[in-house]
Amino acid sequence: MPWNNTRTAWPGIGLLAAAWLGVGHLSAQPANDAFANAEVISGLAVSLTASLDQATSEPGEPSHAGATGLRTVWYKWTAPRSGEVTVDTLASPNNPDTVVAVYTGEQLTQLRQVAASDDNPVRPGAVLKPNYNFLRTSLLRFNAEEGREYYIAVGVKQGSPAELTLSLAYYPGGTFRFASELFAAGVPLYLCTEMESQFVGDRTTYATYYQYGVPGVLVTITRVGGSYGRMLVDYSTEDVEDPVVPDDIPAVAGQDYFPVSGTLVFDHGEMSKRILIQVNYDFGQNQPNREFAVILSNPRPDPAEAPEVGAPRIDGAWARAVVRILDIEGPPWDDPTNPPPPSVSFPRISFRVPEDVVDYFE
């Protein structure tokens with residue numbers, strides 16, 4: 001297996017097979033717009049970028065995953081071995097509304113569908129809030145047969161951003177993104193109060209699974225679409241120039257929060273990591289809520305990882321998250337006509353909440 005102790009050195013991302021559209025301008029029709037001109041790609045792991053701004057659908061083209069009115073391009077790939085293959089558009093910038101489908105056959109009107117995916121499904125049981133940002137990218141898996149040719153159609157819906165990243169791998173390293181069910185202006189959002197860094201409680205509860213009384217705000221990073229191999233991704237905090245909510249103000253590093261940076265290491269099969277960010281208490285000042293950002297960057301395999309494992313990526317839409325520091329004394333919660341929520345009308349030292357409950361303040 002490619003993640004055992006006989007790993008060979010990874011000589012760099014350059015080993016990752018890459019295919020680029022043969023176009024000189026974004027306004028030109030893609031060379032692989034038609035099925036007959038499908039671009040040939042090869043390898044155990046493929047990652048390519050494309051602009052479908054001027055792509056079209058052609059007469060007789062299948063209705064991929066039941067979607068119509070698509071702008072599509074085609075790729076032809078011959079499976080170098082038998083096994084399960086993952087194909088996705090998770091790393092595409094700006095969360096495009098994509099469709100991906102895989103076929104066998106030689107003629108456009110007589111293709112046999114192997115697998116298809118429209119929107120990447122929301123995790124089962126998720127509570128969709130009014131400002132929830134649906135996952136519009138696509139992901140599918142299918143069992144490839146060594147030596148067989150497969151045609152891959154990838155498209156975007158009308159009105160969607162046209163730039164996308166398509167990835168294929170037997171052993172996908174995964175796509176890193178922030179994990180939150182709260183969003184503001186399409187950005188993953190984490191909420192905390194000024195009291196988050198005021199640790200209260202003994203270590204017997206702090207050391208439990210739920211970690212009561214965590215001394216700061218916890219931000220979760222996951223990798224989706226694959227968890228093969230040992231993968232790394234960098235993170236850092238930064239001040240924001242334009243808060244996602246107009247009534248908020250930018251938080252100042254060193255004044256409102258302690259900046260952090262580092263590298264997260266995901267071992268083979270590991271899908272989630274958390275970083276802890278300490279928030280400063282303002283000692284009772286009345287001020288608006290404050291916001292700062294957390295950024296993911298530089299995804300890469302461990303230098304000792306096997307080259308068969310696909311390189312990790314970052315979700316283009318969820319590579320940045322915002323942390324909002326809720327002011328427990330100031331406006332708008334000092335307005336008598338708009339009383340504060342009960343759970344934030346008293347200091348954190350008066351209560352304890354499990355760290356995995358994101359919206360305890362609601």
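The values are calculated or read from the model by the stated rules, or taken from the named source; none is laboratory data. Owing to the predicted nature of the structure, the values given are computational and were not obtained by experimental measurement. Glycine also receives a Cβ, built like all others from the backbone with ideal geometry; neighbour counts cover every protein chain displayed. Each accessible area value is taken on the protein alone, full model and side chains, heavy atoms only, with ligands, DNA and RNA left out. Shrake-Rupley method; radii C 1.70, N 1.55, O 1.52, S 1.80 Å.
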Report yes if some residue within the stretch 227-240 is closer than 30 Å to PRO93 by Cβ, within 16 Å of the chain's Cα centre (by Cα) and at pLDDT below 85; otherwise report no. no
So, first residue closer than 12 Å to GLN278 by Cβ in the stretch 243-261, second residue open to solvent by 60 Å² or more (accessible area, probe 1.4 Å) and not in a loop (DSSP other than H, G, I, E, B), Cβ within less than 6 Å, six or more apart or across chains; the pairs are ALA253/ASP239
The correct count of residues that are in contact (Cβ under 8 Å) with a residue 60 or more places away in the chain, aliphatic (A, V, I, L, M) and open to solvent by less than 80 Å² (accessible area, probe 1.4 Å) in the stretch 265-286 is 3
When ALA321 is run through (1) under 28 Å from LEU48 (Cβ atoms); (2) touching a Cys at 6+ places or on another chain (Cβ under 8 Å), the failure sits at (2)
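Taking into account only those residues within the stretch 39-52 that are in contact with a Lys or Arg (Cβ under 8 Å, 6 or more places away or on another chain) and not in a strand (DSSP E or B), which is most open to solvent (accessible area, probe 1.4 Å)? Write out each step before concluding.
Going residue by residue through the stretch 39-52, those that are in contact with a Lys or Arg (Cβ under 8 Å, 6 or more places away or on another chain) are 39-41, 44, 47, 52.
Subsequent filtering for residues that are not in a strand (DSSP E or B) retains 44, 52.
Values: LEU44: 42, LEU52: 0 Å².
Going through the qualifying residues, I end up with LEU44.
Regarding VAL114, is this residue at pLDDT 90 or above, on the phi < 0 side of the Ramachandran plot and β-branched (Val, Ile, Thr)?
On the way: at pLDDT 90 or above: yes; on the phi < 0 side of the Ramachandran plot: yes; β-branched (Val, Ile, Thr): yes.
Spelling it out, VAL114 is indeed at pLDDT 90 or above, on the phi < 0 side of the Ramachandran plot and β-branched (Val, Ile, Thr).
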Among ALA116, ALA65, ALA55, the single one that is open to solvent by less than 50 Å² (accessible area, probe 1.4 Å), in contact with a helix residue (DSSP H, G or I) (Cβ under 7 Å, 6 or more places away or on another chain) and more than 13 Å from LEU166 (Cα to Cα) is ALA116
Scanning the stretch 170-186 for residues that are open to solvent by less than 10 Å² (accessible area, probe 1.4 Å) and part of a strand (DSSP E or B), the one farthest from ILE314 (Cα to Cα) turns out to be PHE183
Could we say that ALA28 is at pLDDT below 90, open to solvent by less than 60 Å² (accessible area, probe 1.4 Å), within 23 Å of ARG112 (Cβ to Cβ) and out of contact with any His (no Cβ under 8 Å at 6 or more places or on another chain) here?
no
Could you tell me whether GLY226 is in a loop (DSSP other than H, G, I, E, B), in contact (Cβ under 8 Å) with a residue 60 or more places away in the chain and under 21 Å from LEU44 (Cα atoms)?
-> yes
